[in-house]
Structures are given as structure tokens and as C-alpha cells.
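Structure first, commentary second.
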Amino acid sequence: ILARSFTKIVASLIILHLSGATKQGTEKQSTSETKSVQCGSWTKHADGGAFTSPNYPSKYPPDRECIYIIEAAPRQCIELYFDEKYSIEPSWECKFDHIEVRDGPFGFSPIIGRFCGQQNPPVIKSSGRFLWIKFFADGELESMGFSARYNFTPE
């Protein structure tokens, strides 16, 4: 019962976030028509998979926030690999465009790293069965973006 409740809570939070129910999301929707095109996903494929920033390998659009949640089977961890064809607007501490990776299913799970620039991130390994990945693009200086793939390993 606890696992089912947890899954329902996570699903509700994702739906709220992707629908723009946050204050930040609604402000951006009113200033940018490109925000209305949804991006991000909750992925639960047994064999692993892949995802990209919007329009990859062409430039990603401005004013975009995409949340990707990867879920592994119980007693499995996730390995996340970013393709070498990678370019996200560089900035000090990746304050502007960036990819943020967290070790768990939530935006408040422990942070693994925040990445931007021309160098693709290292291989990322989760400590459990979830990874939360956010791609954020501000209103200026778009770039190629990223392509990522993931697979699952035993704990």
C-alpha cells in the first residue's frame, strides 16, 4: 500500500509540474508561446532508453524547463550517459541554461550535479531506482542541447 501511495504522489507531482502549475511555470507560459510545447517524461522501460533536449541536435528553444524521471525496477540502479555531441550555454555555476541531476524521484532529492558548457557530463550512477533530471533554458543564447541514454544495473 505504501509503494502504491508513493507512486500516486510522484505521478501527481509530475503532472502538476508538467502542466505548469508552479508559479514559475505559469509566469513563463504567459511570456512565451514555446513553453506550451510539452517536454520531459517519466520513463520506466525495462531495457533502458534515451531522451534528448527539445529539437536536438538543432538548437533548443528558449524559456523551457523539462523534467525527466527515470525509474528502474526494484533493486536496480540507473547509469546515465550523455552523448559527446553536447552543448549547453556555459555560465558560472551553470546559473543559466543547465541540466540538473538528482538522486531520487523529486526536485528536492539529493543533487548529483548541475551541468552546462561544451563538455558532456561524466557517467552518472544513481544510488537507488530513480533519477530526476531537469533541463532548463532561459530566454537567451540557445545551443545544441544534449542526447542521453540510460540502462539499469543491479544494486
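The values are calculated or read from the model by the stated rules, or taken from the named source; none is laboratory data. Please read these numbers as outputs of a predicted model, since none were measured by experiment. Cβ placement follows ideal geometry from the backbone for every residue including glycine, while neighbour counts extend to all protein chains displayed. When the accessible area is computed, the model is the full protein with side chains, heavy atoms only, and any ligands, DNA or RNA have been set aside. Shrake-Rupley method; radii C 1.70, N 1.55, O 1.52, S 1.80 Å.
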The extension gain from Lys85 to Val123, computed as 0.36 nm times the residue separation minus the Cα-Cα distance, is 12.2 nm
What does the charge count near Ser127 come to, summing +1 for each Lys or Arg and -1 for each Asp or Glu among other residues with Cβ under 9 Å from its Cβ? -1
What part of the accessible area of the stretch 71-155, given as a whole %, is carbon or sulfur when the probe is 1.4 angstrom? 53
With a cap of 13 neighbouring Cβ atoms within 10 Å, and only residues DSSP puts in a loop, list the GluC sites (Glu not before Pro) found in the stretch 64-119. Glu84
